[in-house]
């Protein structure tokens, strides 16, 4: 079947559905792991420690971990802000579920513009607060307690490496395995 300049096939629809399922599962698992089981500061410290060998390549590991920590900290705040904006716009008569595609996009713009403005305002307030507290990045930074990896972390890392190697080895074989389709 053709639609405008796109050719739509059953295999394409199945591949798209599987990709959407994978992305959905990735987002759900990541949110469960990151926000429900591990405090953001511990997660940022772990990422910083895990990426610490990249310091020798002049990669800003501490800044990357700090950005990740700040982003994780503000995701619930942005979701709450978006929810408030949707309720406010709905009370003014905006609808997000009815109409054609263009009207739905116009409805979402009425949420996205104020959300971007408030997020930029929050980012500016955070930058001002960090400057006021003389934050200089990794220079002169101390830790209350150093994180140590135990046998559980090393065994999980080993399992991840084995699975990664398995995926790399099996991937070229998939086209020849007609009974196994991803």
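Quick look at the numbers
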{"item": "Residue satisfying condition, being under 19 Å from residue 150 (Cα atoms) and not in a loop (DSSP other than H, G, I, E, B), within set 25, 43", "result": "43"}
{"item": "Test: residue in region 72-83 that is exposed (fewer than 11 other Cβ atoms within 10 Å of the Cβ) and outside any helix (DSSP H, G or I)", "result": "no"}
{"item": "Residue among 28, 8, 13, 23 that is touching a strand residue (DSSP E or B) at 6+ places or on another chain (Cβ under 8 Å) and surrounded by 10 or more Cβ atoms within 10 Å (Cβ to Cβ)", "result": "8"}
{"item": "Test: residue 140 is at pLDDT below 80, more than 30 Å from residue 44 (Cβ to Cβ) and part of a loop (DSSP other than H, G, I, E, B)", "result": "no"}
{"item": "Failed criterion for residue 58 (all others in (1) surrounded by 10 or more Cβ atoms within 10 Å (Cβ to Cβ); (2) closer than 30 Å to residue 156 by Cα; (3) over 17 Å from the mean Cα position of the chain (by Cα) hold)", "result": "(1)"}
{"item": "Residue tally, condition under 20 Å from residue 136 (Cβ atoms) and part of a helix (DSSP H, G or I), over region 55-69", "result": "10"}
{"item": "Test for residue 113: is it surrounded by 10 or more Cβ atoms within 10 Å (Cβ to Cβ), modelled with pLDDT of 85 or more, within 25 Å of the chain's Cα centre (by Cα) and over 29 Å from residue 44 (Cβ atoms)", "result": "yes"}
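The values are calculated or read from the model by the stated rules, or taken from the named source; none is laboratory data. Note that the structure is predicted; figures quoted are calculated from it, not measured. Note that we place each Cβ from the backbone using ideal geometry, even for glycine, and neighbour counts take in every protein chain shown.
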